[in-house]
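Inspection log for the structure reproduced underneath, given as structure tokens.
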């Protein structure tokens, strides 16, 4: 992600005002108040993915207000999904208010007054989605903003991991800014997360999107890589889908289920071979931990993937 704003470029006494003005130009008009005084600092990184904006914020304690005056000065007519990475935050919009901790999410409507207050330094990922991209869902979502979406488990946890991964991919260039497939998956997940939050009891049989099912399958694989017999049947059963449909989901990724499992196992083995914490672990011990207990077979797979045997790879690192 490109660095869009860094208050370090101005004098300490000017940083709060600079943050407000720069945010107005890049984000939308907001009012920023901070008791940090000359200790205030803030940075914003951002990228566009089609019509979706992704931003990462890291700031000192402050209160961000979106008042009728700021709305009149400029309204992009968007819904924002905020994922709090570090710190605590109080959110309020309409007659709703809640408190977020690390990993939690909340929605925010740019067309309505709102207040977000952080009494300590925080970091967050923010997705900016035009309401028109969310279709009929946007009105329901706008009626439930400022409420905490717990991020400790279930779809919100998987979605947050995906959103952070997209931000990282845009930053290092592995995801293109015109990747329509990734943009559609973000919209799918935002709809899914908000649908469960709006009325989880009224939608026990809500159809899960392909993106949700794929994330669920990948999360199950990652949690069970050490099982030697891990395969499509077991994964499909855990996700409550047919094995045939599981294969179709992974075909859209350009890999078979077995190829994806193998790639993840080799990636974990490579990581452990590089990690000094595992320097006294044998190669077969590392491979077995990740479900590859046959040393000759593991060595062939590793050489095909990385161009050298595990022993050679470890020796030169």
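The values are calculated or read from the model by the stated rules, or taken from the named source; none is laboratory data. No experiment lies behind these values; they were computed from the predicted model shown. Positions of Cβ are generated from backbone atoms using ideal geometry, with glycine treated the same way; all protein chains shown enter the neighbour counts.
Restricting attention to the range 71-122 and to residues that are on the phi > 0 side of the Ramachandran plot and buried (at least 17 other Cβ atoms within 10 Å of the Cβ), the residue that is nearest to the chain's Cα centre (by Cα) turns out to be 103.
Filtering the range 165-186 to residues that are exposed (fewer than 11 other Cβ atoms within 10 Å of the Cβ) and closer than 16 Å to residue 55 by Cβ leaves nothing. Scanning the range 15-42 for residues that are modelled with pLDDT of 90 or more, crowded, with 16+ Cβ neighbours inside 10 Å and under 21 Å from residue 119 (Cβ atoms) gives 15, 16, 19, 20, 23, 30, 32, 34, 40, 41, 42. So residue 219 fits all but one of (1) modelled with pLDDT of 85 or more; (2) in a helix (DSSP H, G or I); what number is the exception? Evaluating residue 219 over (1) modelled with pLDDT of 85 or more; (2) in a helix (DSSP H, G or I) leaves (1) as the failure.
One residue alone among 92, 118, 114, 60 is assigned by TED's automatic domain parsing to the domain that holds residue 178 and more than 29 Å from residue 195 (Cβ to Cβ), and that residue is 60. Of the strands (runs of 3 or more DSSP E) lying entirely inside the range 95-145, the ones with 3 or more residues being closer than 20 Å to residue 189 by Cα are found at 105-109, 122-130. Pairs under 9 Å by beta carbon, first residue outside any helix (DSSP H, G or I) in the range 178-195, partner surrounded by fewer than 21 Cβ atoms within 10 Å (Cβ to Cβ), six or more apart or different chains? Cβ pairs passing all conditions: 178/50; 179/50; 179/169. Among all positions in the range 212-220, there is no residue which is surrounded by fewer than 13 Cβ atoms within 10 Å (Cβ to Cβ) and free of Cβ contacts under 8 Å to residues at least 60 places away in the same chain. Taking the range 236-247 as the range and being assigned to a helix (DSSP H, G or I), modelled with pLDDT of 90 or more and either in contact with a helix residue (DSSP H, G or I) (Cβ under 8 Å, 6 or more places away or on another chain) or closer than 22 Å to residue 153 by Cα (or both) as the test, the residues that pass are 236, 237, 243, 245, 246, 247.
Here is a yes/no grid of residues against (1) touching a helix residue (DSSP H, G or I) at 6+ places or on another chain (Cβ under 8 Å); (2) assigned by TED's automatic domain parsing to the domain that holds residue 311; (3) surrounded by 13 or more Cβ atoms within 10 Å (Cβ to Cβ); (4) in a helix (DSSP H, G or I):
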position: 234; (1), (2), (3), (4): no, yes, yes, yes
position: 249; (1), (2), (3), (4): yes, yes, yes, yes
position: 254; (1), (2), (3), (4): no, yes, no, no
position: 261; (1), (2), (3), (4): yes, yes, yes, yes
position: 265; (1), (2), (3), (4): no, yes, yes, yes
position: 286; (1), (2), (3), (4): yes, yes, yes, yes
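Which of the residues spanning the range 63-89 are within 15 Å of residue 115 (Cα to Cα) and either assigned to a strand (DSSP E or B) or not assigned by TED's automatic domain parsing to the domain that holds residue 193 (or both)? Passing the criteria: 63, 64, 65, 66, 79, 80, 81, 82, 89. Identify, please: which residue in the range 1-46 is within 24 Å of the chain's Cα centre (by Cα) and assigned to a helix (DSSP H, G or I) and is, among those, farthest from residue 78 (Cα to Cα)? Residue satisfying both the conditions and the ranking: 23.
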